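Just so you know, all these numbers are worked out from the coordinates, no wet-lab data involved. The structure displayed is predicted, hence computed values, not measured ones. Cβ placement follows ideal geometry from the backbone for every residue including glycine, while neighbour counts extend to all protein chains displayed.
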Amino acid sequence: KAGVTQTPRYLIKTRGQQVTLSCSPISGHRSVSWYQQTPGQGLQFLFEYFSETQRNKGNFPGRFSGRQFSNSRSEMNVSTLELGDSALYLCASRRDLGAQHFGDGTRLSIL
Amino acid sequence: GQQVMQIPQYQHVQEGEDFTTYCNSSTTLSNIQWYKQRPGGHPVFLIQLVKSGEVKKQKRLTFQFGEAKKNSSLHITATQTTDVGTYFCAGPGNTGKLIFGQGTTLQVKP
């Protein structure tokens, strides 16, 4: 069974630009969550989607948004990028409320 | 809001020494999960504990869930260099969101 796939793996942007990250969950998993990870900050929860609906939301500004498609694939968008948005963005999928299965992440660098 | 706290944040041990990380929740949890993230990698699910007072073992790793289901611990016996990484605990919030602790980063000196 294929794991969680995130694209792209690396991304370099400049301040003010916007970015879209993609996540394909494990087949059969309807829940997709997004996390931001920076050194020393642990895993900061962004949001969770289940069956195309946002089920949970973290404490991030409105510049961070997401969506989920009917095939459970998910995208995360960040607009008006700031230097502080440089981080590893992790996507995780799970079946209902079970264990999270993480992708390798997208490392976003803002110049 | 609901919080999951982990201590210590960092731990350096000599290879062969034991290691323990502790996880405390501000609320009672229906279950607790543990993950390991190797340097440069992504978190990988290790185990889930559900019952009050439950103890589970995976080779040199021992996981415990407290009687009140508000705390948990992970103990590694005789650490090896392959144990290096960050260990996270996580518990479900009241909306089903998985709340992660800040993690404990383990360094093992050979």
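Numbers below:
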| item | result |
| --- | --- |
| Elements of type strands (runs of 3 or more DSSP E) contained in the stretch B:48-109, each with 1 or more residues being within 11 Å of chain A (Cβ to nearest Cβ) | B:85-92, B:98-100, B:104-109 |
| Members of the stretch B:14-47 found to be touching a helix residue (DSSP H, G or I) at 6+ places or on another chain (Cβ under 9 Å) and part of a strand (DSSP E or B), listed by number | B:Phe19, B:Lys36 |
| Selected residue [touching a His at 6+ places or on another chain (Cβ under 9 Å), polar (S, T, N, Q), in a strand (DSSP E or B) and surrounded by 16 or more Cβ atoms within 10 Å (Cβ to Cβ)] from A:Ser33, A:Ser93 | A:Ser93 |
| Total residues in the stretch A:81-90, condition within 13 Å of another protein chain (Cβ to nearest Cβ) and surrounded by fewer than 19 Cβ atoms within 10 Å (Cβ to Cβ) | 1 |
| Selection count where residues are within 10 Å of the chain's Cα centre (by Cα) and aromatic (Phe, Trp, Tyr), scope the stretch A:7-35 | 2 |
| Residue within the stretch B:16-28 that is over 25 Å from B:Lys109 (Cβ atoms) and facing chain A (nearest Cβ under 10 Å) present | no |
| Matching residues, the stretch A:51-76, being of a type in the set (D, E, K, R), in contact (Cβ under 8 Å) with a residue 24 or more places away in the chain and in a strand (DSSP E or B) | A:Arg55, A:Glu75 |
| Count of the stretch B:49-91 residues which are surrounded by 18 or more Cβ atoms within 10 Å (Cβ to Cβ), in contact (Cβ under 8 Å) with a residue 60 or more places away in the chain and under 15 Å from B:Gly16 (Cβ atoms) | 2 |
| Test: A:Leu11 is more than 14 Å from chain B (Cβ to nearest Cβ) and in a strand (DSSP E or B) | yes |
| Residue check for A:Ser93: more than 21 Å from A:Lys1 (Cα to Cα) and of a type outside the set (Lys, Arg) | no |
| Residues of the stretch B:1-36 satisfying the condition of being more than 11 Å from the chain's Cα centre (by Cα) and of a type in the set (S, T, N, Q) | B:Gln2, B:Gln3, B:Gln9, B:Gln11, B:Gln14, B:Ser25, B:Ser26, B:Thr27, B:Thr28, B:Ser30, B:Asn31 |
| Hits in the stretch A:36-66 - residues which are away from every other protein chain (no Cβ under 12 Å), surrounded by 15 or more Cβ atoms within 10 Å (Cβ to Cβ) and either of a type in the set (Lys, Arg) or under 10 Å from the mean Cα position of the chain (by Cα) (or both) | A:Phe64, A:Ser65, A:Gly66 |
